[in-house]
C-alpha cells in the first residue's frame, strides 16, 4: 500500500494504464509512416517509461537504423503521446512545434510524415528543408527569416 502512494508507485500505476493506448497510437503512426519499426513500451521500477523499437525488416535495432529512420520513429512516439494526452484530457493540448524534424529524413519519408502532421490540429513544423514545404502548417526559415 505504501509503494502505491509513493511518487514511483503513482507514476508506475498511471503509466501502466496508459502504455497499451500509447503503444497503439505510436504503432499506428509508425505504420502510416511506413516505418519498419514497432514500438514496445514498459514501465520501469522507478516510475519511468522505456521505449524499445524493433524491426523485422530493414534495421535490426533503433541504434542500427539511419538518422532519418530514427527521426521518423521519434516523431511517431511523440504523436502517440500527443494523441494519448488529447484522448484523456478535458482541455486542449495546445500547440506542438517540431523544429528541424525533416533535416535527416529523405524526401519520401518527409512527404509521409508531413501528410500525417497536417491532419493533426495544433502541430507546427519549422524547417529549412524545401521538400517538406508541401504540407500545411510547415514553415520554412531562410536567412534568419520565417517564410510562411
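The values are calculated or read from the model by the stated rules, or taken from the named source; none is laboratory data. Because the structure is a prediction, the values reported are computed rather than measured. Neighbour counts are summed over all protein chains in view; Cβ atoms, including those assigned to glycine, are modelled from backbone coordinates with ideal geometry.
One table, with the values for the structure above:
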| read-out | value |
| --- | --- |
| Tabulated pairs, region 90-112, first within 19 Å of residue 33 (Cβ to Cβ), second modelled with pLDDT under 85 and assigned to a helix (DSSP H, G or I), C-beta under 6 angstrom, 6+ apart or interchain | 102/110; 102/132; 107/131; 110/131; 110/132 |
| The one condition in (1) outside any helix (DSSP H, G or I); (2) in contact with a strand residue (DSSP E or B) (Cβ under 9 Å, 6 or more places away or on another chain); (3) more than 25 Å from residue 142 (Cα to Cα) that residue 27 fails to fulfil | (1) |
| Residue in region 67-110 that is nearest to residue 21 (Cα to Cα), counting only those that are assigned to a loop (DSSP other than H, G, I, E, B) and modelled with pLDDT of 80 or more | 95 |
| Single unsatisfied condition, residue 31 versus (1) buried (at least 16 other Cβ atoms within 10 Å of the Cβ); (2) modelled with pLDDT of 90 or more | (1) |
| All positions within region 122-138 that are loosely packed, with under 14 Cβ neighbours inside 10 Å, more than 18 Å from residue 76 (Cβ to Cβ) and either in contact with a strand residue (DSSP E or B) (Cβ under 8 Å, 6 or more places away or on another chain) or at pLDDT 70 or above (or both) | 128, 130 |
| In region 69-80, the residues that are under 15 Å from residue 116 (Cβ atoms) and crowded, with 17+ Cβ neighbours inside 10 Å | 71, 72, 73, 75, 76, 77, 79, 80 |
| Long-range neighbours under 6 Å by Cβ, at least six apart or interchain, first residue modelled with pLDDT of 85 or more within region 43-57, second surrounded by 13 or more Cβ atoms within 10 Å (Cβ to Cβ) and in a loop (DSSP other than H, G, I, E, B) | 53/37; 53/62 |
